[in-house]
Amino acid sequence: MAELVPMLRQYFDLKEQCPGCILLYRIGDFYEMFYEDAKLVSGELDLVLTKHASGLDDPAPMCGIPYHSAETYLARLVRKGYKVAIAEQMMDPKACKGLVPREIVRIMTPGTVLDASMLDEKSNNYIASVCAFGGQLGLCLIDITTGEALATGSADSTAVEYIMSELGRFLPREVLINGQASETELPEFLSDRLDCRPEVLDEAQFDPERCFTVVTRQFPELEQKTLTENPAVCGAVGALLTHLEELQKTDLSNLETLTVYRHGQYMELDLNARRNLELCETMRTKEKRGSLLWVLDRTCTSMGARLMRAWMCKPLLSPALILQRQGAVGELLEEAMLRGDLRECLRGVLDLERLIGRVVYGTANARDLRSMCLTLEQLPEIRMLLAQAQCPMLETLCDCMDDLHDLRELIAAAIVDEPPLLLREGGFIREGYNEELDRLRDISTGGRSQIAAIEQREREATGISKLKVGYNKVFGYYIEVSRLQAAQVPGHYIRKQTLANTERYITEELKEYENTVLGAQEKITDLEYQLFVELRETLAEQVHRVQATAQALATVDVLAALAEDAEEYDYVCPEIDYAPVIEIQDGRHPVVERVLRDTMFIANDTKLDDRANRIAVITGPNMAGKSTYMRQVALITLMAQMGSFVPAKSARIGVTDRIFTRVGASDDLASGQSTFMVEMSEVADILNHATAQSLIVLDEIGRGTSTFDGMSIARAVVEYIADKKKIGARTLFATHYHELTALEELMDGVKNYNIAVKKRGDDITFLRKIVPGGADDSYGIAVAKLAGVPNPVIRRAKQILKDLEKSAPKINLRETADEPEEEQQVSMLDLKTDAITARLEKVNVNTMTPIEALNLIYELQKMIQS
């Protein structure tokens, strides 16, 4: 009976070890794929699909990629979301009898790639895991390229929202979840909002007891109380570590420290806030240009760029820590020469974090080590410059920075200045590093002294004065004699080639020497690789020293960049404290002022507190600058808490725990939600989670429905936020409902502002200035005229407006009295509703039979009638 050939049997044995992966099976200088993998990859990468003898009636579909250029193809597969397992030959085929043994040496996934060509150098590449256990939710995030490991968790009623907010903050490429977590809204959020398909792992992988052992082994200095009190966090971290060990097929020695942070340690920014404030990319084009990061990121290194993004997405809540950063930025701002010299040195610093990561995982090549050496050469001067600094933060960074002179000298002694890209090409170990290698190289390159000795001896033995010993790739070594002297050649010479004027011969001695040379080349290749691996392992043992230095370099880079921003853009140092105030004099939008070319940006003041200025109701026409102004206040607050100076004449920022935004309108067609439904969902989220320490930015609440409904909702929202017993947050509220300006007289803490407009006849000019008081007109038709709407439409709109103003009922919010709130009294209907809700929450609709459904309806009807 026909059966698969041994090679394909080995292939399928390896496939069983990596379910769900594309298997790249090494054969010589190619990675081959067979059967379904071959069909899939040939289509995805536009490769030729061929066939290979299988031992069965039908040949095996096959396609392949060259070993030396595999990274290009792997990057394309990983970007498409595929997992790729790599099976390497574990022995030299020449030294192996029968089938070459192969093993899976690595599994590449979107969250675990290491090659620079597959990574965005200015963004982290996180893989995450989420564990639900015992009413808690735990989250772990790891970037194996930099060695960063983070964990957090929550056990309160907002745990799911908190974890979703953190996932939106870090944007992992992959997320692992356990069964309990898959029953929450997380899977839908990941796939719909983050375009990241979660992978549900076996519940046993998240078991807190098993994970406790895994976590404490990897992070022995971690306080065990942190894990025992947070079993969901322990499960998330342990499951992710186990998963990474299985994928990398090696230890995770570059993961030294696990940073566990708590809910409320950093300013919270949900996905809507980050999107609406355009922190890292614009809403329209999804590009960096036009975002806050585009303005502030003047870092010189990839490490600094990643840290700048992290600081922006994780603003601090501690005034003491913020003041530390401000002190460092302030000194670098004042010391322009020091800052300039530091930045010049930093431009010579390559991505040390990721270089040492590749060293640890055994994927670094000779060029990576040379790049590492060039970076280490900058450290002595950087430390010398930092030693001049006076502020505590810069002094601490100088102390944390190791000049790593021993590693620099080791690499410089071992690796040539311009090594080849591929290790198999050889020639990357420097002459003088290893005596045996130098000896073999001398033999391999023809050993001039030995060739000269053979040549001289043969001349003397034969009496042929012009006898030469030569070499070419076709015949190897040979003795060349002119045709005229051929008669003097001794009998033990063996003729090899006849040319026009010469004869070429070989001898046994030359043949032996040639075999020695050829053997030497193989030994050189093996010895060079051995020496390189030993060097790489030696460097890997120092990973923690390198990581600490890399983190210090990145921090210095960010601080210097923020100082450069402050000088270039005329930023000031804000006053930071715990007072519930936001006071800004002549504030500017950091992005808009940078993109304006022929127009001067109009600065505006802001005053918000927890007393008479809790809510600023802002009216004015579209295009006048309301949204720009509100975003500007939010961005200045965020910049202040990340440690940056801010675009203003002066600023005092009371620490803000969260920034909420509801800006713009868009249908969520994928989930079938209308503009108004999306708007109300976001408003509900804000009202349910905002605190008195929050900053709320609301733009045009209620415009997605009828005028009366929208106005009613808008007023109710303002009243709810203004009530100190409910929220009492500092709020910017832009609206077209001019009737809401009456709330200033009716409610404590509400102030009216409007965008100043200059009107001449039917023409208007936006002055972009925020002034006290409500707007007296919406100027909608004038804005339409500015936008280029045809004049006939404008004239008709004016006529219709006059008719509507005559017939429309007058709305007087002053006559709207507050009614007793239903929630202040518990009625029998409330109790029934709670009981019905509790009963319905226990029902699994997916498994009910028709008769069970009828019985349930009958039961609920009885509950209502009772």
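The values are calculated or read from the model by the stated rules, or taken from the named source; none is laboratory data. Computed from a predicted model, the values in this text were never measured in an experiment. Please note: Cβ atoms are built from the backbone with ideal geometry, for glycine as well, and neighbour counts cover all protein chains shown. We work out accessible area using only protein heavy atoms, side chains counted, and drop any ligands, DNA or RNA first. Shrake-Rupley method; radii C 1.70, N 1.55, O 1.52, S 1.80 Å.
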**Message:** Take E223 and R9, extend 7 Å from each Cα along the Cα→Cβ direction, and tell me the distance between the two endpoints in nm.
**Reply:** 5.8 nm
**Prompt:** In terms of the Cα gyration tensor, with a ≥ b ≥ c the square roots of its eigenvalues, is segment 357-472 rounded because a/c is under 1.5, prolate because a/b exceeds b/c, or oblate?
**Reply:** prolate
**Request:** Consider just the alpha-carbon atoms of segment 556-697 and return their Rg together with their Dmax, both in angstrom.
**Result:** 16.7, 48
**Request:** Determine which residues of segment 85-99 fall in the zone a paramagnetic label at V533 would reach in this model, i.e. backbone nitrogen under 15 Å from the point 7 Å along Cα→Cβ.
**Result:** 88-93
**Message:** Taking every DSSP beta bridge with both residues inside the chain, roughly what % is antiparallel (nearest 5)?
**Reply:** 65 percent
**Complete:** For the chain, the percent of accessible surface on carbon and sulfur atoms (probe 1.4 angstrom, ligands and nucleic acids excluded) is 50 percent
**Complete:** Cα-based Rg then Dmax for segment 469-627, in Å, read 40.2, 117
**Asked** Given just the C-alpha atoms of segment 151-266, how large is their convex hull per residue in cubic angstrom?
**Response** 113 Å³
**Helix axis angle, 828-841 relative to the chain longest principal axis, alpha carbon, degrees** = 20 degrees
**Message:** Can you compute log10 of I(q)/I(0) for segment 226-335 with the Debye formula, treating each Cα as one identical point scatterer, at q = 0.12, 0.16, 0.19 Å⁻¹?
**Reply:** -0.68, -1.06, -1.18
**Item:** Cα-based equivalent ellipsoid of segment 330-388: semi-axis lengths in Å, sorted from largest, via gyration tensor
**Value:** 29, 10, 9
**Item:** Simple label model, 7 Å out from Cα along Cβ direction - R197 to T691, nm
**Value:** 3.9 nm
**Item:** E522 - accessible surface, heavy atoms, 1.4 Å probe, Å² rounded to 10
**Value:** 120 Å²
**Prompt:** Measuring from the lowest to the highest alpha carbon on each principal axis, how far does the chain reach, largest first, in angstroms?
**Reply:** 128, 78, 66
**Request:** Using only protein heavy atoms and a 1.4 Å probe, report how much of E503 is accessible, in Å² to the nearest 10.
**Result:** 10 Å²
**Prompt:** Taking Rh as the Kirkwood radius computed over C-alpha pairs, what is the Stokes-Einstein D of segment 12-85 at 37 °C in a medium of viscosity 0.692 mPa s, expressed in µm² per second?
**Reply:** 261 µm²/s
**Complete:** Simple spin-label estimate for E395/E334, 7 Å along Cα→Cβ, in nm, reads 1.4 nm
**Message:** Quick check on my link table: of K626/K758; K225/K725; K726/K769; K286/K751; K725/K769, which ones sit more than 26 Å apart, alpha carbon to alpha carbon?
**Reply:** K225/K725; K726/K769; K286/K751; K725/K769
**Prompt:** Can you give the FRET efficiency for T72 and L40, using 1/(1 + (r/R0)^6), R0 = 25 Å, r = Cβ-Cβ distance, to the nearest 0.05?
**Reply:** 0.90
**Prompt:** Which pairs in the list K759/K806; K80/K122; K97/K468; K607/K798 are over 31 Å apart, alpha-carbon to alpha-carbon?
**Reply:** K97/K468; K607/K798
**Asked** For E381, what is the net charge nearby, where nearby means another residue's Cβ is under 11 Å from its Cβ and Lys, Arg count +1, Asp, Glu -1?
**Response** -3
**Request:** Take E568, project a point 7 Å from its Cα along the Cβ direction, then tell me which residues of segment 121-154 have their backbone nitrogen under 19 Å from it.
**Result:** 122-123
**Message:** From the helices alone, meaning DSSP H stretches of at least four residues, give me the mean residue ellipticity at 222 nm for the chain, per-run term -39500 (n - 2.57), in deg cm²/dmol to the nearest 500.
**Reply:** -13500 deg cm²/dmol
**Asked** Taking a ≥ b ≥ c as the square roots of the eigenvalues of the Cα gyration tensor of segment 594-641, is the shape rounded (a/c under 1.5), prolate (a/b larger than b/c) or oblate?
**Response** oblate
**Partners for K51 among lysines (Cα-Cα distance below 17 Å; same-chain residues under 8 apart left out)** = K39
**Request:** With a 10 Å radius around each residue's Cβ, average the other Cβ atoms per peptide and rank 591-602, 151-162, highest first.
**Result:** 151-162, 591-602
**Asked** Working from the pairwise distances between different alpha carbons, so that the mean of 1/r is found and then inverted, what is segment 487-555's Kirkwood radius in Å?
**Response** 17.2 Å
**Message:** Cut-off under 24 Å on the C-alpha distance; same-chain residues fewer than 8 positions from K94 excluded. Which lysines are left, in chain and number order?
**Reply:** K473, K511, K523
**Prompt:** On average, how much accessible surface per residue is there in the chain, in Å², for a 1.4 Å probe, leaving out ligands, DNA and RNA?
**Reply:** 49 Å²
**Prompt:** Taking a probe of 1.4 angstrom, what is the accessible area of D13 in Å², to the nearest 10?
**Reply:** 90 Å²
